[in-house]
Amino acid sequence: MTDRAPLDHPTPPTEPASRSGLGRRAFLGRSAAVGATSVAVPLVLSACGGGEDTETTGGEDYTPGSAELTVELAPEIEGVLYPEDYVGPRARELEPFGDGETEFTILSQVDPDMDLATNYYSTLVAEKTGVNATYVTVPAGEDGKTKVNAIVAGGDLPHALMVGQGIFNLNEISIYGQQGMFLPLDKLIDENCPHILDMFAAFPGMRQQYSSPDGRLYAVPSMNDCYHCKSANVRTWINKNWLEGVGASAPETLDDYSVLMDEFRAYTGKPDGSVLTTASAETMLQLMQFFLGSFLEMPSLWLRRSGQTLEWIHEDPAFREGMVWIQEQFAKGNFDAGILSNTPEQYQKLGDGAQGPMFGMAYGYSSFHFAATLDYADPDNVANIMVPIAPMAGPGGVRTAQWDHFSYGYPNFVITPDCPDPVQMIRWADYQFELGLTISVGRGEQGVGWDYATEGEKGIDGRQAIYKVLPTPEDLKNQAWREWGPLYKSMDQRHGEAVLPEASTVEPTLYAAGKAYEPFATKEESGVPPVVFDLDQSAQIGEIETNLEAHLKQTIANFATGKKDASKDADWNEYLETAKAIGITTYTEIHQTAYDQQYS
């Protein structure tokens, strides 16, 4: 079976951060975390439409959690199996509540082969809720974000928008919400949303974390508590066929790595034109951060926390030591020079080589980064030849990998002031936090794309499975919404997917990768917790971060090609001083100010 991306393909994680002394459920992350700042800055706009109905929203004086819930959770569906101590959505006997007459418009991203008017999941949600919805669609990715920004700027807003997964981050939602473009949802949720409140009760810090600095919640957050995503920012893979070919095991230290690269270089069984360690230019910094974790703890690419003080990591001498080592790997040929220039397509061509993958080690959030022809059921396919490699110990014994302690989802569903019935609209979203709909949003029809598990079938984590993915015909299209809609994918729910040989996927491999990386996870207290910026701060952060990244990439290229030398004080100080001129001090200060405001 080929990659499941058309049905269920999570967006690669952003760089989150963490806070000391807080439990994993008590402090959940935002998509606006450190390193996830969007360069696009929201426009200063005036509210359109009829404005906020304070009777519905409670107005500025409303205290979140103070209204009484008027809707009960539906009875559970009998016979659905759950593992012991399961935390997550449950299958329920949903009854329609909508009047079927009020017409709602909802914005969503779509893939090219999707038609939400006839899409299976669209019709399923209409059937379950009784809500009459039509969809305004934009393409996935940057083109979609540009079009949504134009729609918002034009003021002709649909009644609701699903803006998670790359459209708006929490900074933008907060700014637009405070400008009156989106309704505050706290009272609507407290009175009408038992499924969302059930999620908030299971994860007590989630509501606060997705609220804006004014204390109001402008977007319903979708939970996607992805275990393997927590290490995905630096996940690196090794060619097990090459390892077997040279009679070696995966390296445990950087010294082992150097020896292995010499063995790979001499290995005659590799395809012609192969390289040793590589990535694309787009993902080179993730690969570099993987190796830098052998010299110092890097909870993000730029900042770390010492007590309550935020620091720029690159001034640490250990960071420079790591950069000198990286420079040496380019000089030895262990690092492929193509790292500096490979397009994503060129990178995938290396992975799709006719005689097998043409690299010994490679970066990849998942297999799709380094190959396009993925078949998890074929043991000779690149999907099974490349296996995750754990971080390696450096010369000082440091062995760490960035671990995302706090990104559990993203702000997603917003309602605009022109919505004719916000109660129906918020309940439409709430229903999708039920288990069956949460599965169907990514897998389509029950009995076709998925079904509930039977007794004894094991999930990804080895416990009783909840549901199983069914092999689907290649010509079956337009079944699901990927993960653009409202959903509640707790870690237990995700791990409740059955591991079945006839429905091979990448998930068990990624779960194993998470287990391999977790012992070396960066400490929770070293990270910077997610913060929300105001309009001016967002503008500065976006520009500075873009320029810092370009400067770091160019510096690595200069070290890799011998134009500069990281071991020479003059060249290294030039890197630091240029970063300061770009604004790293301002960047750190803005984060410190936002951190102090939110966490002091």
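Tabulated values for the structure
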quantity: In the range 81-125, the residues that are of a type in the set (Phe, Trp, Tyr) and open to solvent by less than 10 Å² (accessible area, probe 1.4 Å); calculated: 104, 121
quantity: Subset of the range 394-414 [open to solvent by 20 Å² or more (accessible area, probe 1.4 Å) and of a type in the set (A, V, I, L, M)]; calculated: 398
quantity: Residue 231 vs. criteria of a type in the set (Ser, Thr, Tyr), touching a residue at least 40 places away in the same chain (Cβ under 8 Å) and touching an Asp or Glu at 6+ places or on another chain (Cβ under 8 Å); calculated: yes
quantity: Any hit, the range 481-491, residues being open to solvent by 10 Å² or more (accessible area, probe 1.4 Å) and at pLDDT 95 or above; calculated: yes
quantity: Some residue of the range 561-569 being open to solvent by 10 Å² or more (accessible area, probe 1.4 Å), under 27 Å from residue 403 (Cβ atoms) and of a type outside the set (Gly, Ala, Ser); calculated: no
quantity: Boolean, residue 212 is outside the structural domain of residue 338 (by TED's automatic domain parsing) and not in a helix (DSSP H, G or I); calculated: yes
quantity: Pick from the range 215-228, criterion part of a loop (DSSP other than H, G, I, E, B) and of a type outside the set (Ser, Thr, Tyr), ranking: surrounded by the fewest Cβ atoms within 10 Å (Cβ to Cβ); calculated: 215
quantity: Residue check for residue 451: open to solvent by 40 Å² or more (accessible area, probe 1.4 Å), outside the structural domain of residue 196 (by TED's automatic domain parsing) and part of a strand (DSSP E or B); calculated: yes
quantity: Residue list for the range 418-442, filter: part of a helix (DSSP H, G or I), of a type in the set (D, E, K, R) and open to solvent by 10 Å² or more (accessible area, probe 1.4 Å); calculated: 427
quantity: Single unsatisfied condition, residue 247 versus (1) more than 30 Å from residue 432 (Cβ to Cβ); (2) in contact (Cβ under 8 Å) with a residue 24 or more places away in the chain; (3) of a type in the set (Gly, Ala, Ser); calculated: (2)
quantity: Residue in the range 516-530 that is out of contact with any strand residue (DSSP E or B) (no Cβ under 8 Å at 6 or more places or on another chain), within 27 Å of residue 279 (Cβ to Cβ), assigned to a helix (DSSP H, G or I) and outside the structural domain of residue 300 (by TED's automatic domain parsing) present; calculated: yes
quantity: Flag for residue 328 being among the charged types (D, E, K, R), open to solvent by 40 Å² or more (accessible area, probe 1.4 Å) and more than 30 Å from residue 527 (Cα to Cα); calculated: no
quantity: Selection within the range 269-306 - over 15 Å from residue 523 (Cα atoms) and in a strand (DSSP E or B); calculated: 275, 276, 277, 278
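The values are calculated or read from the model by the stated rules, or taken from the named source; none is laboratory data. Note that the coordinates shown come from a computational prediction; the quantities given were computed from them, not determined experimentally. Virtual Cβ from ideal backbone geometry, glycine too; neighbours counted across all protein chains shown. For accessibility, only protein heavy atoms count, side chains too; no ligands or nucleic acids. Shrake-Rupley method; radii C 1.70, N 1.55, O 1.52, S 1.80 Å.
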